[in-house]
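Right, one structure below, let's go through it.
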Amino acid sequence: MKDEILHKIFTNLNSGGEPLSHQELRNGIYPCAFNRAMKEINENNIKWRKMLGEIDHKCENLEMLYQLSALKAYAAYADGEYKIEGYRNSKKDLIDRFAEKSFSFNDKEVKEYVDSIEAFISLLNISKRCYAKTALLEGLYVVFEKSGMKSVVTDELCTEILGKASFKETVSGGTVSMENMNKRWKCIYGVLSKYN
């Protein structure tokens, strides 16, 4: 309830100017150690910045770090299937739920997420073209985090994944359904398992 009230206050305060992005609202509602740690990665991780270029002012890159963290918290892999706890076909709601949870993280919990994100970034040898494929990046992270794949990811590997019919069919319509994400992540797992 508190976050709904704060969300409404931020929205009303900002109604006269340029609307805040979802992540800008989260930054205002949940200022915490986790938020500061993700901002630090977003602003100062050399490989991350090299892939993305200048820091965007609507916090889209920071939101991607939050999205990956939410997937670390709620996604699971068991019996050859990927699932997301409590997922209702809305990435915004998933990230918002995680942002609220992260507000009370202790230092050890923050470090666990920082270490995971930085380890994943260290495996990425991709161009901005591949980074811009959000469904691909999130899938790579889920497979990395939940399936233990530690392959270096290159543009060539991304091109192979993006060329698979089983991947293409999950991004042509809606990308946020659990069914499509499961298919996409299994496709990525299949490709990565050849190189792991």
Inset, instruction - Compute the FRET efficiency between S127 and N106 as 1/(1 + (r/R0)^6), taking r as their Cβ-Cβ distance and R0 = 22 Å, and round to the nearest 0.05. - result: 0.05
Legend entry - Along principal axes, Cα extents of the range 53-196, largest first, whole Å: 41, 32, 29
Legend entry - the range 2-193, relative contact order in percent, only Cα pairs under 8 angstrom and at least six apart counted: 22 percent
Legend entry - For the range 43-112 versus the range 126-167, the gap between their alpha-carbon centres in whole angstrom: 16 Å
Inset, instruction - Describe numerically, in nm with one decimal, the distance between label points set 7 Å from Cα along Cα→Cβ at C32 and at D56. - result: 2.4 nm
Legend entry - Sum of side-chain charges, D155 neighbourhood, beta-carbon under 14 Å (Lys, Arg +1; Asp, Glu -1): +2
Legend entry - Cysteines in the chain lacking a second Cys C-beta under 4.7 Å: C32, C59, C187
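Every number here is computed from the coordinates shown, using simple stated rules; none is lab data. These numbers were taken from a predicted model, which means no experiment stands behind them. Here the Cβ is made from the backbone with ideal geometry for all residues, glycine too, and neighbour counts use every protein chain on show.
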